[in-house]
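Read through the structure below, which is laid out as structure tokens, and then see the notes.
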Amino acid sequence: MSESRRLEDEAVGFADNREPRCPCILLLDVSGSMSGAPIKALNDGLRIFRDDLNKDGLTKKRVEVAIVTFESEVEVVQDFVTADKFQPPTLEVGGLTYMGKGINKALDILQARKASYKANAISYYRPWIFMITDGSPSDNEVVDRAAQRIRDEEARKKVAFFAVGVEEAANMTRLSQIVVRPPMKLTGLNFEEMFLWLSGSMSGVSNSQLDEQVPLEPPGWGSV
């Protein structure tokens with residue numbers, strides 16, 4: 001699709017739905033170590049996330065979901081769409097854990113989306129990036145630079161960046177060096193409860209006033 005066609009389609013979409021947007025990027029580790037039960041539970045969780053977001057009429061018009069996956073390659077497998085148009089992909093695994101490249105891509109597409117909001121006079125809530133990983137980054141120098149971008153964006157209240165570690169292989173110490181907020185350790189493969197919490201949080205934010213501080217429910221699906 002050409003850039004002019006993409007911008008035209010965006011403008012039409014925003015004209016049809018003038019609600020403020022609540023963007024949420026799912027930044028997902030699909031490296032080889034996620035094979036088997038973890039990737040199945042993650043795929044099941046994405047469908048639960050979609051279904052729960054669509055239970056509320058306002059949430060499904062305001063929450064926008066994008067998905068960026070990382071392994072040896074980084075891919076935007078779902079560009080931003082409102083929850084009512086979100087169709088979860090079936091993710092497959094393979095490769096190394098290029099987390100730094102993934103973080104940079106997520107921040108880049110978020111910056112571009114904010115520019116689209118501004119160009120179309122659409123207001124928006126503070127965006128969320130929700131990263132899920134079961135390992136340790138393979139691109140440590142890139143991760144260190146990406147971590148500085150996270151710190152800068154968090155300090156300016158431009159993003160809320162969350163990290164979740166899966167299974168025993170997740171390097172929680174390394175994650176704590178990358179993100180500002182304390183990373184969470186998922187209990188087992190409890191993706192269902194995690195995505196229900198995320199959906200509930202997105203619904204709470206999207207039903208609030210733009211400058212309102214919304215308290216989040218304690219995440220019963222994991223621990224710090």
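A short reminder: the numbers here are calculations on the coordinates, not readings from a lab. Everything numeric in this text was worked out from a predicted model, so none of it was measured. Counting neighbours? That spans all protein chains shown, and the Cβs are built from the backbone with ideal geometry, glycine included.
Under 14 Å from the Cβ of E71, count the other residues' Cβ atoms, weight Lys and Arg +1, Asp and Glu -1, and hand me the total.
On the way: positive: K101, K105; negative: D29, E73, E75, E92, D134, D139.
Charge balance near E71 sits at -4.
Less than 5 angstrom separates the built amide H of K185 from those of G165, S223, V224, all sequence-distant by 5 or more or on a different chain. The alpha-carbon atoms of region 92-224 define a convex hull whose volume equals 125 cubic angstrom per residue. Across region 131-137, computed HN-Hα scalar couplings (Karplus, 6.51 cos²θ - 1.76 cosθ + 1.60, θ = phi - 60°) run 9, 10, 8, 10, x, 10, x Hz from first to last residue, x flagging Gly and Pro. If you fit an axis through the alpha-carbon atoms of helix 3-16 and take the longest principal axis of the Cα set of the chain, what angle between them do you get, 0 to 90°, nearest 10? Approximately 70 degrees, to the nearest 10. For region 1-112, the relative contact order is 31 percent, taking Cα pairs closer than 8 Å that sit 6 or more residues apart in sequence and dividing their mean separation by the residue count. Between V164, V12, V77, the Gaussian network model of the chain with springs among Cα atoms under 10 angstrom shows the greatest mean-square fluctuation at V12. Each helix, a run of at least 4 DSSP H residues, gives -39500 (n - 2.57); summed and divided by the residues of the chain, these come to -13500 deg cm²/dmol at 222 nm. Backbone phi angles across region 214-224, fed through the Karplus curve with coefficients 6.51, -1.76 and 1.60 (θ = phi - 60°), yield HN-Hα couplings of 9, x, 9, 5, x, x, x, 8, x, 9, 6 Hz in residue order; Gly and Pro are listed as x. Computed from the alpha carbon positions, the gyration tensor of region 1-80 leads to an equivalent ellipsoid with semi-axes of 27, 19, 8 Å, biggest first.
For the residues T82, T97, T173, a GNM of the chain with alpha-carbon springs under 10 Å puts the largest fluctuation on T173.
Distance between the pseudo-spin-label points of A115 and E19 (7 Å out from Cα toward the beta carbon): 2.7 nm. A simple spin-label model places pseudo-atoms 7 Å from Cα toward Cβ; at Q209 and A37 they are separated by 4.7 nm.
Just to be sure I understand: of the beta bridges DSSP finds with both ends in the chain, what percent are antiparallel, rounded to 5?
So the antiparallel bridges in the chain amount to around 25 percent.
The modelled label-to-label distance for the pair R156/E192, using points 7 Å beyond Cα in the direction of Cβ, is 4.2 nm.
Angle of helix 99-119 to the longest C-alpha principal axis of the chain, folded into 0 to 90 degrees and rounded to 10: 10°. What residues qualify as long-range amide H neighbours of M131, i.e. H under 5 Å apart, gap of 5 or more or another chain, H built at 1.01 Å from N? Residues meeting the criterion, in which the H sits 1.01 Å from N, are L27, F162, A163, V164. The phi-based Karplus calculation (6.51 cos²θ - 1.76 cosθ + 1.60; θ = phi - 60°) puts the 3J(HN,Hα) values of region 148-164 at 5, 4, 4, 4, 5, 5, 5, 4, 8, 6, 8, 7, 10, 10, 10, 10, 10 Hz, whole numbers, x for Gly and Pro.
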